[in-house]
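Enquirer: Sending over a structure as structure tokens; questions will come in a sec.
The values are calculated or read from the model by the stated rules, or taken from the named source; none is laboratory data. For clarity, every value in this text was computed on a predicted model and none was experimentally measured. Cβ sites come from the backbone with ideal geometry, for glycine too, and all protein chains shown count toward neighbours. The area values use the complete protein model at the heavy-atom level, side chains included, leaving out ligands, DNA and RNA. Shrake-Rupley method; radii C 1.70, N 1.55, O 1.52, S 1.80 Å.
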Amino acid sequence: MKRTTNKQQKAYMKAKAALETLETMEHEMEEDFVKSLGVTNEDGSIPSRTWMIDNDEIAEKAIEDFGKIVEDSGLWEKLKKAKEDFKIAEEALVQYALSIIPFQKERETLTKAVKTSIKYREQVVEMVLKLDVSTVK
């Protein structure tokens, strides 16, 4: 039987996928950039991220240069927008999850918890994503 999703679940999954795609692009760009520098760490390893470069002077310059590359490519603005869209979609999903809790005391407790604890927020998101909304009245 196919699981039914609602608009909040769909929006969250779409926003998360878009953000993950852009973050992967950024990571791949950064890895290629660091490789192009020909940098190796003291232990002989080749860093995959600018912040993983052992030499602080080289790392600072690489971080600055890569930041400019990401900005100039337009990826930075896309990432900022995707993060904001994800944040909005997550909040809508959490609010939906809270709205379907039948008992007021539990709803109030969880409302406070999702504002102050990332652990509880993540658990609420995980649970509501598993929910087949056709079972909710």
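Enquirer: Looking at the range 38-114, which GluC sites (Glu not before Pro) are in a loop (DSSP not H, G, I, E or B) and have at most 15 other Cβ atoms within 10 Å?
Expert: Within the range 38-114, the qualifying GluC sites (Glu not before Pro) (loop, at most 15 other Cβ atoms within 10 Å) are Glu42.
Enquirer: Between helix 75-99 and the chain, what is the angle of the helix's C-alpha long axis to the longest principal axis, kept within 0 to 90° and rounded to the nearest 10?
Expert: 20 degrees
Enquirer: Also, I was wondering about something else. In whole angstrom, how long is each semi-axis of the equivalent ellipsoid of the range 6-137, when you take the square root of 5 times every eigenvalue of its Cα gyration tensor and sort them from largest down?
Expert: Sorted largest first and rounded, they come to 41, 16, 12 Å.
Enquirer: If you place +1 on the Cβ of every Lys and Arg and -1 on the Cβ of every Asp and Glu, how big does the dipole about the Cα centre of the chain come out, in debye to the nearest 20?
Expert: About 1660 debye.
Enquirer: Below 14 angstrom from the Cβ of Ile88, what's the summed charge of the other residues (Lys, Arg +1; Asp, Glu -1)?
Expert: +4
Enquirer: If you don't mind, there's one more thing I want to ask. Could you check the spin-label model distance between Thr5 and Glu106? Points 7 Å from the Cα along Cα→Cβ, value in nm.
Expert: That separation, rounded to one decimal, is 2.5 nm.
Enquirer: Any idea what log10 I(q)/I(0) is at q = 0.12, 0.15, 0.23 Å⁻¹ for the range 3-62, Debye with uniform C-alpha scatterers and no solvent?
Expert: Here log10 of I(q) over I(0) equals -0.45, -0.56, -0.86.
Enquirer: How much of the accessible area of the range 15-62, probe 1.4 Å, is carbon plus sulfur, in whole percent?
Expert: For the range 15-62, the apolar C and S fraction of the accessible surface comes to 50 percent.
Enquirer: To continue, here is another question. When the helix-only estimate is applied to the chain (DSSP H runs of n ≥ 4, each -39,500 (n - 2.57), divided by the residue count), what is the mean residue ellipticity at 222 nm, nearest 500 deg cm²/dmol?
Expert: -25000 deg cm²/dmol
Enquirer: Count the net charge of all other residues whose Cβ sits under 13 Å from the Cβ of Val124, scoring Lys and Arg as +1 and Asp and Glu as -1.
Expert: Combined, the nearby Lys, Arg, Asp and Glu give +1.
Enquirer: Also, quick follow-up: Give the residue from Thr111, Val133, Ser73 lying farthest towards the positive end of the charge dipole for the chain; charges sit on Cβ (+1 for Lys and Arg, -1 for Asp and Glu) and the dipole is referred to the Cα centre.
Expert: Farthest towards the positive end: Val133.
Enquirer: With θ set to phi - 60°, apply the Karplus curve 6.51 cos²θ - 1.76 cosθ + 1.60 along the range 113-119 and write out the HN-Hα couplings as whole Hz, x wherever there is a Gly or Pro.
Expert: Result, rounded to whole Hz: 5, 6, 7, 10, 10, 5, 4.
Enquirer: Then there is this: Based on alpha-carbon centroids, what's the gap between the range 15-40 and the range 46-75 in Å, whole number please?
Expert: 11 Å
Enquirer: What accessible area per residue, rounded to a whole number of Å², is obtained for the chain using a probe radius of 1.4 Å?
Expert: 71 Å²
Enquirer: Summing +1 for each Lys or Arg and -1 for each Asp or Glu, what net charge is found among the other residues whose Cβ lies under 14 Å from the Cβ of Glu28?
Expert: So the surrounding residues net to -4.
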